Amino acid sequence: MDRTINEFLIEADIVSLQLAMESGELSSEACVRWYLERIERLNPKLKAVLEVNPDAISIAKELDAERRERGSRGPLHGIPILLKDNIDTGDNMHTSAGSVALAEHIAQKDSAVALQLRVAGAVFLGKANMTEWANFMSGTMWSGYSSRGGQTLNPYGPGELFVGGSSSGSGAAVAANLCTAAIGTETSGSIISPSSQNGLVGLKPTIGLVSRGGIIPITQTQDSAGPMTRTVRDAAILLGAMTAMDPEDTATRDTGRLAYMNYTTFLDVDGLQGARIGIPRYYYQGLDKARAEIIERAINLLKECGAVIVDPVSLPCESAKWDWDVMRYEFKHGLNNYLSKVGPGAAVRSFDELISYNEANRDVALKYGQGTLIWSNGTSGTLTEPEYSESLRLNCETARDQGIDHAIREYKLDALLFLGNEDGLDISARAGYPAITVPGGYAETGVIAEGGYTTKGPQGITFVGTAYSEPVLFRLAYGYEQASKYRFAPSDPV
C-alpha cells in the first residue's frame, strides 16, 4: 500500500476497503486492529464505545482466510462495524441498553439484524454507548449518558457540542473513525439526531422494513434499526443487508412491504433533477440565524441541481396536540416481554424488578432519576387502556393522513425537507415513515440548548418520505451529498 494505513483508513468507505482487501493491499485483520487501537486511544475521552468484541480479531482472520479460499461474501465481507448496545448479539459481548442492571447480560442468540449482518460478513467491533434505555428513563437525563458507559461526547467539540441521542455512541464513533460504520436504533430521532449532530448520514427505515426482533424496545409501532455512516453509499450498502423478512416480526410481513437487497442501484448523481421537494416553513420557525442560513443554502443548492422546490407546503397536522402515550404504554409492554426472556447475567427480569434494582443501587444507577420509567410503569402493560388506543389512532391517522401522506399527495412531492432532527421530524416517527439525513454544513454560532450544549456544530439536511420510499430518499440524498460535499472529519480529541 503506497499510503500509510492511517492515511488510508481515516474516512475510508466500504467500497474502498473492499477494493483494498480484494487486491491484497489490506486485510480485515489489519483493519480491525487499526480501529481497536484507535478506540483504545480516543475512546477514554469520547466514551462512544461501551466494550470491544474480544473475538473481533479472530473473526477478521477467519474472514480473510475465507476470502482467499472461497472469495468474498459481498460488500460487507470483513468490514468492521459497531452495534448500538440495545441490539442482541449471541456471542461474548453484552447487551444492556446502557443500564448497569444489564451490564452482565449476554443474549442467548443474535437479533435478526445482527444475524443478517454477520451472514453478510461484517465484523462486530463492539457495542456502542447510548442514552440509557434509549432516553426513556428520565426527563432530565442528558443525551448520550448511560450508567454503564458514562457521558458520550461529540468529537467535533467534546463537552461543548450536543452529541444527539439516543444512538449517540454510534454517531460519535463513526464520526471519529472508530469504525467503518455503525447500526443505531430510533423511536423518534435517535438515528437522525446523532447523525445530524456528528456530520453523518443516518437512515431511519420504514417500520417493517428492518426486523425489530432481538432489540430492546420502546415501542412496537415506531422502533427501527438503521445505518449510520459517513457516506450515502455506505448507508445504502448496509440497509440492503438488513432487509430480510423475519417470520417472528409481524411488521416485516406487511402486504405493502417493499424491500430490496441492493439499494445502491438507486444512487444517482443527477438524482435531484426534476425532483419535487416540499418546504414545510411552519417547522423552520424556531431556527436560530446560523441554522436558518444552512437550510436556506440547502434549498438554493437543490434548485441549482434541478429540483423543483415547492415553497411553502402546509400540513394539516401542524396544529395537532401530540402526546407520548404510545411510547409510555408500549414501553412497559415491550420491555417486560424482552426481560422475561433475557439470557444469563441479567440482574432484572421485569419492569418492576428494574425499578427496584435502580433504587437499591441508586448511587450508580440513578444519576438522573427514573421518573420516566416510573411513569411508564403506571400502565397495565397489556395495551388495553382507551388512552393508548386513542394515542395510537392519533399517531397513525394524523401523522400520515393529515401529515406526510397529505403533503406528498396534495403537492405531488417526492419528499419533504427538514433541518436535522428539528421540529417536524417527530411526525415521520409517529407515522412509521422513513427519513434520511445528510451533512448540510457547520453552524459556527448557536444558542445554549439541552444540557448546556450549544446548537452550533454539524447540521444535517433531512429528507422525509412516505412508506417504503427509501429508494427515492437515497436518490435525493446521494444527489445532494455529491453536490455539497459538506462532510469533514473532526480533529482527534486530546
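The values are calculated or read from the model by the stated rules, or taken from the named source; none is laboratory data. Please read all numbers here as calculations on a predicted model, not as lab measurements. Positions of Cβ are generated from backbone atoms using ideal geometry, with glycine treated the same way; all protein chains shown enter the neighbour counts. Each accessible area value is taken on the protein alone, full model and side chains, heavy atoms only, with ligands, DNA and RNA left out. Shrake-Rupley method; radii C 1.70, N 1.55, O 1.52, S 1.80 Å.
Tabulated data
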{"quantity": "Shape category assigned to the range 323-376 from the gyration tensor of Cα positions, a/c cut at 1.5", "calculated": "oblate"}
{"quantity": "Equivalent ellipsoid semi-axes, the range 1-138, via Cα gyration tensor eigenvalues times 5, rooted, Å", "calculated": "28, 18, 11"}
{"quantity": "Per-pair calculated FRET efficiency, R0 = 30 Å: Asn337 and Leu366 via Cβ, rounded to 0.05", "calculated": "0.80"}
{"quantity": "Dipole of the chain, positive end: most advanced residue of Leu19, Thr89, Phe488 [Cβ charges, Cα centre]", "calculated": "Leu19"}
{"quantity": "Cα shape, the range 257-326, gyration tensor, a/c 1.5 rule", "calculated": "oblate"}
{"quantity": "Farthest positive-ward along the chain dipole, Cα basis, beta-carbon charges - from Phe266, Leu203, Leu373", "calculated": "Phe266"}
{"quantity": "Dipole of the range 353-493 [Lys/Arg +1, Asp/Glu -1 at C-beta], most positive-end residue of Leu419, Val364, Gly440", "calculated": "Gly440"}
{"quantity": "Long pairs among Lys204/Lys367; Lys47/Lys289; Lys341/Lys367; Lys303/Lys412; Lys45/Lys127; Lys45/Lys289, criterion Cα-Cα beyond 22 Å", "calculated": "Lys204/Lys367; Lys47/Lys289; Lys341/Lys367; Lys45/Lys289"}
{"quantity": "Structure-based [θ]222 nm, the chain - -39500 (n - 2.57) summed over DSSP H runs of at least 4, per residue, nearest 500", "calculated": "-10000 deg cm²/dmol"}
{"quantity": "Magnitude of the charge dipole, the range 1-44, Cβ model with Lys/Arg +1 and Asp/Glu -1, debye to 20", "calculated": "180"}
{"quantity": "Gap separating the Cα centres of the range 141-155 and the range 85-119, nearest whole Å", "calculated": "19"}
{"quantity": "Student exercise, the chain dipole from Lys, Arg, Asp, Glu Cβ charges, in Debye to nearest 20", "calculated": "280"}
{"quantity": "For the range 360-425: rounded, prolate or oblate by the Cα gyration tensor [a/c cutoff 1.5]", "calculated": "oblate"}
{"quantity": "Val49 long-range amide H proximity, modeled H, under 5 Å", "calculated": "Asn129"}
{"quantity": "12 Å Cα-Cα reach of Lys109 towards aspartates and glutamates, excluding residues that sit fewer than 8 places from it in its own chain", "calculated": "Asp88, Asp91"}
{"quantity": "Among [x] 23; [y] 37; [z] 19, the entry derived from the coordinates for percent of Cα pairs over 38 Å apart", "calculated": "[z]"}
{"quantity": "Accessible area per residue in Å² at 1.4 Å probe, computed on the chain", "calculated": "36"}
{"quantity": "Debye-sum result for the range 214-335 in log10 I(q)/I(0), which assumes one identical scatterer on each alpha carbon, at q = 0.16, 0.21, 0.22 Å⁻¹", "calculated": "-1.22, -1.19, -1.18"}
